[in-house]
1. Which whole-Hz couplings ³J(HN,Hα) result when phi for each residue of the stretch 82-91 is put into the Karplus expression 6.51 cos²θ - 1.76 cosθ + 1.60, θ = phi - 60°, listed in order with x for Gly and Pro?
2. Sorting W487, W390 on the 10 Å Cβ count, fewest up front, what's the list?
3. For I409, list long-range residues whose amide hydrogen, built 1.01 Å from N in the peptide plane, is under 5 Å from its own amide hydrogen.
4. Search the structure for amide H atoms under 5 Å from the amide H of L499, placed 1.01 Å from N in the peptide plane, and list their residues when 5 or more places away or on another chain.
5. Counting Lys and Arg as +1 and Asp and Glu as -1, what is the net charge of the other residues whose Cβ lies under 15 Å from the Cβ of S551?
6. Given H placed 1.01 Å from N in the peptide plane, which residues other than close sequence neighbours of L333 have an amide H under 5 Å from its amide H?
7. Give me the number: length gained by fully extending D120 to S317, i.e. 0.36 nm times residue separation minus the C-alpha to C-alpha distance, one decimal in nm.
8. Mind checking the full-extension length gain between N273 and R452? Use 0.36 nm per residue of separation minus the Cα-Cα distance, one decimal, nm.
Amino acid sequence: MKNFVRGALAALVVGSVGAAAQAADLPRYKAPPPPLPPAFTWTGLYGGVNIGYAFGASSQETGGLSYLSGGVFAPVAPLGSTWTTGQNLQGVVGGGQLGYNYQFNPWLVLGAEADIQAADIGSHGNAAIGIVDVFGPHVQSVNSTKKVDWFGTVRGRVGFTLPSMPNLMVYGTGGFAYGQVVHNAGFADNYTFAGAALLGGGALGHGYYDNTRVGWAAGGGVEWSPSMFPTWSLKAEYLYVDLGSTRANSVPLNGGVPALIGFTTPVFAGTQNSPTRFHTVRAGINWHFDPFAVVAPSSTSGALPSVKGPPPAFVDSYQPFQVRLKVAGVIPLDGHGKVYDSGAGYPGLGSIGRLSGLTGANGLIAGASTNTSTSIIPMLDVAYYLNKNWAIEAICCVAPHHIQGTGTIASDFARAWLFPPSLMVQYHFTNFGAIQPYLGVGVNFTTFWNTRVNNDTWSIPFAPGAPLAAAGGVFSTFQYATVSPSWGVVGQAGVDYMLNDHWGVNLDVKYIGLHPMVHSTVISFAPAAPVLGAIFIPVKVSLPINPIVISAGLTYRFGGSLLSPLF
């Protein structure tokens, strides 16, 4: 019995030790500690929108008026004058920005940013100088307007943060600026002395400038990213923009016209210099992303992910939604438009074509042609993929263009903004991995807005033997212009290079069939026949734009976890 009890106890002890040893060999089920959240960083691309207000820098416009001939007082001309008048540019601005930051250490961030702004910035000024000379009193005056239609900048940024507040950055910025500036100036010298009635009461002139100016911009701001939304940030920014100065030189409208036999009215030259400098304050919102960040897959041993090693292989998963943000160059083809004389012209004398001898039987004005200017614009594309190969894409942008005349209407006579939305059907080739070329075809509908004439003047020649041929030409300008909407086909070829299944870069070329008609009225003065007064001639202008659009930018695809292919 004693031997049995001793054996049972021995067996129990041995079993207990074995069980403990076996338990020690079992895997542990205690979970590893959760990974730490990534540290906040400003490194990466960002894009967003902004809105603000611009106000002038208390600039001064300067100008003067001097006489080229004395007219009835020949060889003595009236006295000239100089003037200074205040300018106060102001108006609403708004647009978008795209940039890149790189955070070198916990307190220093360097970056670059480009933005484009629609603007309604304008000013108005006038000055009048009373002159008394040997011929009596007269008043010389100028009435000027300045307008900035749009502007953009390309700037560097230097930002500073505190380790205790990494999501708050104070920065300074500066760089290149450009923008569309329109400068109008009307000049007059009103006579009040004896004989003024015979001289028409005064001399009038007009100066005009409309072109893209370049300059510089500098300022600073503060940007903050909320902790609960680390991919978004809010910013407030001040920017000073200097686009240089413009000059509007007068074109006399009624000087040198015979007033009495043997006499002509005086001819003057006027000029107006106007600086384009303004402050802006604006608020904006940015979305931050880094398509170049690479994280290697975690190891099979359960360790935390490693940032070492080659990037993962590209996986072409189905992502039905696509957005592209690009910069595009719009290059109109040299289509050589035609100009038609579509009006009866001045009663009793016929149209400008018959006056000049340049109009054929069909109303086509010989030697007259038109073209349009190039433009660089931002562009937004939005697409939906029916499957990995077939997609429907909508393209949206706005583009400014100058409408130019050549030959017998040699002038930069109008400018307009285009809104040319297009709808495309595309086929994407997916058998080349990350390189995905595509072809597309679609339809475009273009509308034109904010069309205005430049008041540029030119001289229409006369054919030998034409009425008023002895005048040697008439001074003409466009009084107004409207552009009709236009439909056209679009052809497209491009390629995406996908960095991963969401982000990529894009290069694209389009041809747009765009051939609108411009309806305008020409106003002319015939110096050799002042009794005619102003001659108003309606014209119709064929404008073959037919641009090639070359664009490049970023591609972002998303939504693969939400939808399956439609087909």
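1. With coefficients 6.51, -1.76 and 1.60, one gets 10, 8, 9, 9, x, 10, 9, 5, 6, x Hz.
2. W487, W390
3. Correct list: S369.
4. Long-range HN contacts for L499: G504, V505.
5. Values: positive: R324, K326, K510; negative: D381, E393, D496, D508.
Summing Lys/Arg as +1 and Asp/Glu as -1 gives -1.
6. Amide H neighbours of L333: I548.
7. 66.4 nm
8. Working it through step by step, the gained length comes to 62.2 nm.
Just so you know, all these numbers are worked out from the coordinates, no wet-lab data involved. Just so it is clear, the structure is predicted and the values come from calculations on it, not from any experiment. Ideal geometry is used to build each Cβ from the backbone, glycine not excepted, and the neighbour counts take in all protein chains shown.
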